[in-house]
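Following: one structure in C-alpha cells, then a few remarks.
The values are calculated or read from the model by the stated rules, or taken from the named source; none is laboratory data. Since this is a predicted model, take the numbers as computed values, not measurements. Note that each Cβ is placed from the backbone with ideal geometry, even for glycine, and that neighbours are counted across all protein chains shown. Note: accessible area is taken over every heavy atom of the protein model, side chains too, but ligands, DNA and RNA are not part of it. Shrake-Rupley method; radii C 1.70, N 1.55, O 1.52, S 1.80 Å.
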Amino acid sequence: MELVIEKAAWKVLRGMQPKAASAMIARLQAVASDPMTRHANVETLQGIKNGFRLRQGDWRAIFELETDAGILRVTKIGPRGQVYR
C-alpha cells in the first residue's frame, strides 16, 4: 500500500525532533506495508470513515485507509490532545 503524507502533516514532521520524526515515519511505513494486520498503538477513530490513529510516544498521526486505491493517507500529525481538534 502506498503511503501518502499530506502537506500539513509534512510540515509538522519537519518541525519535530529528527529522532521522533524518523520513528513516526518508520511506524507509518510499517502500517502501510501490511495495513490489515493488527498493529500496536493503532486504533480506529469514530466519526471518520476508515479513519485510524497511530500513537508514537507523545505524538499522534491520524490517517485514512483507502483500500480501493491502495493508499494510506496521513492527514494530521501532532502532539496528543491537540491533533484531535
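Observations, loosely collected:
- When region 60-77 is filtered for residues that are open to solvent by 20 Å² or more (accessible area, probe 1.4 Å) and touching an Asp or Glu at 6+ places or on another chain (Cβ under 7 Å), the ones remaining, listed by number, are 70, 71, 73, 75.
- Pick from region 30-44, criterion surrounded by fewer than 18 Cβ atoms within 10 Å (Cβ to Cβ) and among the small types (Gly, Ala, Ser), ranking: nearest to residue 59 (Cα to Cα): 40
- Residue 75, sole failed condition from (1) of a type in the set (Ser, Thr, Tyr); (2) in contact (Cβ under 8 Å) with a residue 12 or more places away in the chain; (3) out of contact with any helix residue (DSSP H, G or I) (no Cβ under 9 Å at 6 or more places or on another chain): (3)
- Screening 14, 53, 27 for residues that are open to solvent by less than 50 Å² (accessible area, probe 1.4 Å) and among the charged types (D, E, K, R) leaves exactly one candidate, 53.
- Listed by first and then second residue, the pairs linking a residue in region 38-60 that is more than 14 Å from residue 9 (Cβ to Cβ) to a residue that is β-branched (Val, Ile, Thr) and assigned to a loop (DSSP other than H, G, I, E, B), with Cβ atoms under 9 Å apart and 6 or more places separating them unless they lie on different chains, are 50/67.
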